[in-house]
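Note sheet for the following structure.
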Amino acid sequence: MRPLRLAVLISGTGSNLRSLIDARDAGRLDIDFVRVISNRPTAPGLDHARNAGIPWSVISKSTAGEAGQDQVVGDTLASDQPDLVLLSGYMRILGAGLVNRFEGRMINQHPSLLPKYKGLDTYRRALEAGDREYGASVHFVTAQLDDGPVIAQTRLPIESGDDTTALVARLQPLEHRLLEEVMALFVQRRVAMAGRHVAIDGQARATPLQWTPEGWQA
Ligand code: GRF
């Protein structure tokens, strides 16, 4: 099987991108990073692309000009021919035109147990609601924000005394590992979007896969 051609869109730190590059370098993921795109020229995550020799582009409101960011991002991606596009902390809402161009080939990672807490401020909202459990999701992107079929999730308990900082610190390593495990499924061409569902090995699932540090749960 040939390597998975992956494009990654970021806006910030890019710790998830970094962890995928590390997994590739360690021989755990057969990924060909075809491009990293940031909408922010100062995104620290761009350094991960530069250091790893991955082609990168800044496509912002000002660089895109008249054509518009969605058009330029879409055209850039189309010329790179990725098998999969990963939105990894990409803090821009994509229009339906761009999403539809890559339907079934675009995924997003979101720091909540979707469908809970779509959008921003997920950690704070969960803490304020008194939730006992938190987590992260990886889902296919559809035209509705954070609403596409959820591929997989990981969970962790919220402890008394947790604040946003504590929760971020405990979730982040799990989120990195969840993403690597999901990416391994894509590398093996085992995941597809099937309408409102996710199909694994050709079987549509009613619920997202659940991952813990012990592995995939039955
Ligand atoms: C992650 O928590 C992801 O779920 C969210 O943005 C964060 C990106 O972090 N969408 P990083 O830029 O990879 O460090």
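The values are calculated or read from the model by the stated rules, or taken from the named source; none is laboratory data. Values in this document were obtained by computation on a predicted structure and should not be read as measured data. Note: ideal-geometry Cβ built from the backbone for every residue, glycine included; neighbour counts use all protein chains shown. Just the protein is used for accessible areas: all its heavy atoms, side chains included, with ligands, DNA and RNA removed. Shrake-Rupley method; radii C 1.70, N 1.55, O 1.52, S 1.80 Å.
The rows are residues; the columns are (1) in contact with a His (Cβ under 9 Å, 6 or more places away or on another chain); (2) of a type in the set (Lys, Arg); (3) closer than 16 Å to Gln217 by Cα.
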| residue | (1), (2), (3) |
| --- | --- |
| Gly130 | no, no, no |
| Thr142 | no, no, no |
| Leu156 | no, no, yes |
| Asp162 | no, no, no |
| Ala166 | no, no, no |
| Arg170 | no, yes, no |
| Leu174 | no, no, yes |
| Glu181 | no, no, yes |
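Could you check the range 1-10 and list, in sequence order, the residues that are farther than 25 Å from Ile93 by Cα and either free of Cβ contacts under 8 Å to residues at least 60 places away in the same chain or within 13 Å of the ligand (Cβ to nearest atom) (or both)? Arg2, the sole residue that qualifies. Please indicate, with yes or no, whether at least one residue in the range 118-128 is open to solvent by 80 Å² or more (accessible area, probe 1.4 Å) and at pLDDT below 95. Within the range 118-128, none of the residues are open to solvent by 80 Å² or more (accessible area, probe 1.4 Å) and at pLDDT below 95.
Considering only the range 141-150, I want to know if a residue exists there that is assigned to a strand (DSSP E or B) and either surrounded by 15 or more Cβ atoms within 10 Å (Cβ to Cβ) or within 13 Å of the ligand (Cβ to nearest atom) (or both). Checking the range 141-150: at least one residue is assigned to a strand (DSSP E or B) and either surrounded by 15 or more Cβ atoms within 10 Å (Cβ to Cβ) or within 13 Å of the ligand (Cβ to nearest atom) (or both). Restricting the search to the range 11-36, which residues are in contact with a helix residue (DSSP H, G or I) (Cβ under 6 Å, 6 or more places away or on another chain) and either farther than 14 Å from Tyr90 by Cβ or not in a helix (DSSP H, G or I) (or both)? Of everything in the range 11-36, those that are in contact with a helix residue (DSSP H, G or I) (Cβ under 6 Å, 6 or more places away or on another chain) and either farther than 14 Å from Tyr90 by Cβ or not in a helix (DSSP H, G or I) (or both) turn out to be Gly14, Arg18, Ser19, Ile21, Ala23, Leu29, Asp30, Ile31, Val34, Arg35, Val36. Can you name the residue in the range 43-72 that is closer than 22 Å to Ile21 by Cα, assigned to a helix (DSSP H, G or I) and touching a helix residue (DSSP H, G or I) at 6+ places or on another chain (Cβ under 7 Å) and, of all such residues, is nearest to the ligand (Cβ to nearest atom)? Only one residue tops the list, namely His48.
Applying a threshold of 6 Å to beta carbon distances and a minimum spacing of six or more residues, or different chains, the list of pairs starting in the range 73-98 at a residue that is under 22 Å from Leu145 (Cα atoms) and part of a loop (DSSP other than H, G, I, E, B) and ending at one that is more than 12 Å from the ligand (Cβ to nearest atom) and polar (S, T, N, Q) reads Arg92/Asn39. Condition check for Ser15 on (1) more than 13 Å from Leu86 (Cβ to Cβ); (2) more than 13 Å from the ligand (Cβ to nearest atom): one failure, at (2).
Residues in the range 18-38 that are open to solvent by 10 Å² or more (accessible area, probe 1.4 Å) and within 13 Å of the ligand (Cβ to nearest atom): Arg18, Ser19, Asp22. Restricting attention to the range 129-140 and to residues that are open to solvent by less than 20 Å² (accessible area, probe 1.4 Å) and aliphatic (A, V, I, L, M), the residue that is nearest to the chain's Cα centre (by Cα) turns out to be Val138. The residue that is farthest from Arg24 (Cα to Cα), counting only those in the range 164-215 that are open to solvent by 70 Å² or more (accessible area, probe 1.4 Å), in contact (Cβ under 8 Å) with a residue 12 or more places away in the chain and part of a helix (DSSP H, G or I), is Arg170.
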